[in-house]
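Q: What follows is a structure written as C-alpha coordinates; I'll ask about it next.
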Amino acid sequence: MKLSGHISLLRGPFPDFVAVQNKGESKFYWIIEKKGREYPELDKKNNAIEKWCKAVTKQTGSEWKYFMVKQSHFNSMKNKGKFFENIFPAQEKRLL
(Lines give C-alpha, C1' and ligand atoms only; values in the text may rest on other atoms or scores of the structure.)
Protein backbone atom coordinates (compact mmCIF):
# COMPACT_ATOMS: atom_id res chain seq x y z
CA MET A 1 0.00 0.00 0.00
CA LYS A 2 1.43 3.36 -0.95
CA LEU A 3 1.26 5.89 1.86
CA SER A 4 -0.15 9.28 1.02
CA GLY A 5 0.65 12.65 2.53
CA HIS A 6 -2.90 13.08 3.82
CA ILE A 7 -2.20 11.58 7.23
CA SER A 8 -1.64 14.68 9.33
CA LEU A 9 -0.67 12.91 12.56
CA LEU A 10 2.61 11.62 11.13
CA ARG A 11 5.66 13.85 11.09
CA GLY A 12 8.76 13.77 8.98
CA PRO A 13 9.28 11.82 5.79
CA PHE A 14 6.74 9.24 4.71
CA PRO A 15 7.87 5.72 3.74
CA ASP A 16 7.53 4.60 0.14
CA PHE A 17 5.45 1.59 1.17
CA VAL A 18 3.86 0.07 4.23
CA ALA A 19 2.98 -3.59 3.67
CA VAL A 20 1.27 -6.21 5.80
CA GLN A 21 2.55 -9.76 5.49
CA ASN A 22 0.41 -12.67 6.68
CA LYS A 23 2.53 -15.64 7.71
CA GLY A 24 0.45 -18.40 9.23
CA GLU A 25 -1.40 -16.90 12.18
CA SER A 26 1.05 -13.99 12.42
CA LYS A 27 1.13 -10.60 10.76
CA PHE A 28 4.25 -8.59 10.06
CA TYR A 29 4.19 -4.92 9.16
CA TRP A 30 6.91 -3.69 6.82
CA ILE A 31 8.28 -0.24 6.13
CA ILE A 32 9.81 -0.55 2.64
CA GLU A 33 12.02 2.21 1.26
CA LYS A 34 13.51 2.24 -2.21
CA LYS A 35 16.78 4.09 -2.75
CA GLY A 36 18.21 5.29 -6.02
CA ARG A 37 21.11 7.24 -4.63
CA GLU A 38 22.80 6.98 -1.29
CA TYR A 39 23.85 10.00 0.69
CA PRO A 40 26.00 10.49 3.83
CA GLU A 41 23.09 10.63 6.27
CA LEU A 42 21.39 7.47 4.99
CA ASP A 43 22.77 5.36 7.85
CA LYS A 44 21.24 7.76 10.38
CA LYS A 45 17.87 7.53 8.64
CA ASN A 46 18.02 3.73 8.46
CA ASN A 47 18.95 3.51 12.15
CA ALA A 48 16.09 5.84 13.09
CA ILE A 49 13.57 3.76 11.13
CA GLU A 50 14.84 0.52 12.69
CA LYS A 51 14.63 2.10 16.16
CA TRP A 52 11.08 3.27 15.39
CA CYS A 53 10.10 -0.26 14.29
CA LYS A 54 11.43 -1.76 17.53
CA ALA A 55 9.61 0.84 19.64
CA VAL A 56 6.30 0.36 17.81
CA THR A 57 6.66 -3.42 18.04
CA LYS A 58 7.18 -3.14 21.78
CA GLN A 59 4.25 -0.74 22.25
CA THR A 60 1.73 -2.55 20.05
CA GLY A 61 2.77 -6.20 20.23
CA SER A 62 2.63 -6.27 16.41
CA GLU A 63 5.94 -6.90 14.67
CA TRP A 64 7.23 -4.03 12.51
CA LYS A 65 10.28 -4.44 10.26
CA TYR A 66 12.25 -2.22 7.93
CA PHE A 67 13.72 -3.07 4.56
CA MET A 68 15.56 -0.85 2.08
CA VAL A 69 15.70 -1.96 -1.55
CA LYS A 70 17.85 -0.48 -4.31
CA GLN A 71 15.79 1.33 -6.94
CA SER A 72 17.31 -0.77 -9.76
CA HIS A 73 16.29 -4.01 -8.03
CA PHE A 74 12.83 -2.61 -7.29
CA ASN A 75 12.37 -1.68 -10.96
CA SER A 76 13.45 -5.11 -12.18
CA MET A 77 10.99 -6.88 -9.85
CA LYS A 78 7.91 -4.65 -9.95
CA ASN A 79 6.29 -6.28 -12.99
CA LYS A 80 6.97 -9.88 -11.97
CA GLY A 81 4.55 -12.10 -10.10
CA LYS A 82 4.87 -12.50 -6.34
CA PHE A 83 6.35 -9.03 -6.02
CA PHE A 84 6.77 -9.11 -2.25
CA GLU A 85 8.70 -12.39 -2.32
CA ASN A 86 10.88 -11.28 -5.24
CA ILE A 87 11.84 -7.87 -3.94
CA PHE A 88 14.00 -9.30 -1.15
CA PRO A 89 17.53 -10.45 -2.07
CA ALA A 90 18.29 -14.11 -1.40
CA GLN A 91 20.06 -13.39 1.90
CA GLU A 92 16.93 -11.65 3.21
CA LYS A 93 14.48 -14.45 2.30
CA ARG A 94 14.80 -15.71 5.88
CA LEU A 95 12.67 -12.73 6.91
CA LEU A 96 9.73 -13.99 4.90
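The values are calculated or read from the model by the stated rules, or taken from the named source; none is laboratory data. As the structure is a prediction and not an experimental result, all values here were calculated from the model. All Cβ positions, glycine included, derive from the backbone under ideal geometry; neighbour counts span all protein chains shown.
Q: How many residues are within 15 Å of D16 (Cβ to Cβ) and touching a helix residue (DSSP H, G or I) at 6+ places or on another chain (Cβ under 6 Å) if we restrict to segment 36-63?
A: 1
Q: Could you check segment 24-43 and list, in sequence order, the residues that are surrounded by 10 or more Cβ atoms within 10 Å (Cβ to Cβ) and either modelled with pLDDT under 85 or assigned to a strand (DSSP E or B) (or both)?
A: Selection gives K27, F28, Y29, W30, I31, I32, E33, K34, K35, E38, L42.
Q: Do any residues in segment 15-42 that are under 23 Å from S72 (Cα atoms) and free of Cβ contacts under 8 Å to residues at least 60 places away in the same chain have Cβ atoms under 7 Å from those of residues that are of a type in the set (D, E, K, R) and outside any strand (DSSP E or B), where the two are at least six apart or on different chains, and which pairs are they?
A: Within 7 Å, the pairs are I32/D16; E33/D16; K34/D16.
Q: Does V56 satisfy being at pLDDT 80 or above and under 11 Å from the mean Cα position of the chain (by Cα)? Let's see the steps before the verdict.
A: Values: at pLDDT 80 or above: yes; under 11 Å from the mean Cα position of the chain (by Cα): no.
When the stated conditions are applied, V56 does not pass them.
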